[in-house]
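The values are calculated or read from the model by the stated rules, or taken from the named source; none is laboratory data. This one's a predicted model, so the numbers in the text were calculated from it and none came from an experiment. Cβ atoms come from the backbone with ideal geometry, glycine included; neighbour counts cover every protein chain shown. Just so you know, the surface numbers come from the protein's heavy atoms only, side chains and all, with ligands and any DNA or RNA stripped out. Shrake-Rupley method; radii C 1.70, N 1.55, O 1.52, S 1.80 Å.
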Amino acid sequence: MAGALSHIRVLDLSRILAGPWAGQLLADMGADVIKVERPGEGDDTRRWGPPWVKDEAGEPTDIASYFLCANRNKRSITVDITQPEGQALIHRLVKQSDVVLENYKVGGLKKYGLDYASLAAINPRLVYCSITGFGQTGPYAPRAGYDFLIQGLGGLMSVTGRPDGEPGAGPMKAGVALTDILTGLYASNAVLAALSWREQSGLGQHIDMALLDVQVACLANQALGYLATGENPQRLGNSHPSIVPYQDFPTADGYMILAIGNDGQFQRFCAEAGQAELAHDARFSTNALRVQHRQELVPLLRQLTVQRSTAEWIAALEAKAVPCGPINQLSEVFADPQVQARGMQLSMPHPTSGQVPQVACPIKMSATPVENRRAPPNVGQHTDEVLQELGLGAEGIAQLRSQGVV
């Protein structure tokens, strides 16, 4: 069965993470995604190592694992868009494409005739998605935007990290480029919505995605808490601003997470811990009271949780329907039987490096399942193939190569 988007062609002019993440998601769902890269250079993340992928002999290659995380199921071509001949190739591809993804600075593609207005004149049905740090409008529009900067500017770091006064206190970024990832997810959603609207209207449109907009939107309950009260939320480490106990706790051999979301769960935890009376203490009997008396309750719970191992607590609490879990390292994540049962680790044949690892797409569709068709490509791996589909012969392609166009 062909993928849900097998009738869609995407021209991916983006680099790094947010744009390629959106492109990979569309490719996983069946779209023909053609990744356009700079001749001889390619996507910047191809050089973002270590870590490097190892070959079949266990030796490091020159393939950065960073690149592999966001470019599965794509075809790579190299085109120098600064040359008129390169721009002409992109124009020919646009005539046969449904979507363009790009993350150049605002106005950066206009001088090459590759901006939305220029390409929409060639293909009015084109859905053109621009991903920038700050969007196409506003005082910051000309600035370059990077995930780390946006996590700080957009407020995420103000609510992430240990509270003031604790060891290690201070603002902290997320351990992955979360703003880039979320922007890629929003972008792919927007592309699908635009394609759906095109079915009714016959017209494409321009999508303006900004990392800062996405970061502000994804502050979720923290943002609404501020807007409702006018008070800045504070860093709480692994604690939750509105639920207690909902954080990490020490055990006899490490740590575990308690995620108690209601009073019944708290009562069952206290009974299992041999302190049933805690659940009826006037300070702790409801969640609102537990939040109010967090500083008194949490030390009492820590004295209880250190009395058993993590595995013992998880076995006991799961049997009582009390949400809890370990804090896994990645080696433990990929060894977890549930992760394995869901097929979240893949190995795909690569043109030069044997088998390369992949983290699977998490989308499970019954009628049009995700297909793992291609490992992330080498730079320009499919240039000849795609140009031949445009009608160019071997002589024409060789001439373009000699001119440095491809």
Legend entry - Loop sites in region 318-372: trypsin sites (Lys or Arg not before Pro), DSSP, at most 12 other Cβ within 10 Å: Arg342, Lys364
Inset, instruction - Considering Cα pairs under 8 angstrom that are at least six residues apart, work out the relative contact order of region 42-164 and quote it in whole percent. - result: 16 percent
Inset, instruction - Measure off, as a whole percent, the carbon and sulfur share of the 1.4 Å-probe accessible area of region 1-112, all protein chains present. - result: 53 percent
Legend entry - Spin-label pair Glu395/Glu85, simplified geometry with 7 Å Cα→Cβ offset, distance in nm: 1.5 nm
Inset, instruction - May I ask you to give the percent of accessible area on region 357-406 that is carbon plus sulfur, with a probe radius of 1.4 Å? - result: 51 percent
Legend entry - region 95-245 - Rg and Dmax from Cα coordinates, angstrom: 18.9, 60
Legend entry - Highest average packing first - 16-26, 47-57, 125-135, 329-339, Cβ atoms within 10 Å: 16-26, 125-135, 47-57, 329-339
Legend entry - As computed over region 8-50, the Cα convex hull volume per residue (Å³): 70 Å³
Inset, instruction - Determine the distance separating the Cα centre of region 1-41 from the Cα centre of region 295-316; give it in Å without decimals. - result: 47 Å
Inset, instruction - Rounded to the nearest 500, what is the 222 nm mean residue ellipticity of the chain from helices alone, with -39500 (n - 2.57) per DSSP H run of 4+ residues and division by all residues? - result: -10500 deg cm²/dmol
Inset, instruction - Quote the convex hull volume per residue of region 73-171, based on C-alpha atoms, as a whole number of Å³. - result: 157 Å³
Inset, instruction - Using a 1.4 angstrom probe, figure out how much accessible area region 30-115 has per residue, in square angstrom, rounded to the nearest whole. - result: 43 Å²
Legend entry - Charge dipole (region 138-265, unit charges on Cβ, about Cα centre) - positive-most of Pro139, Ala194, Gln247: Pro139
Inset, instruction - With label points built 7 Å along Cα→Cβ from the Cα atoms of Asp62 and Leu236, find their separation and express it in nm. - result: 5.0 nm
Legend entry - Given charges at beta-carbon only (K, R positive; D, E negative), |dipole| of region 122-264 in Debye: 460 debye
Legend entry - Kirkwood Rh, angstrom, the chain [1 / mean 1/r, Cα pairs]: 24.2 Å
Inset, instruction - Using every Cα-Cα pair within region 302-399, state what percent have a distance larger than 15 Å. - result: 77 percent
Inset, instruction - Just the ratio, please: alpha-carbon radius of gyration of region 363-406 over 2.2 N^0.38 Å, N its number of residues. - result: 1.71
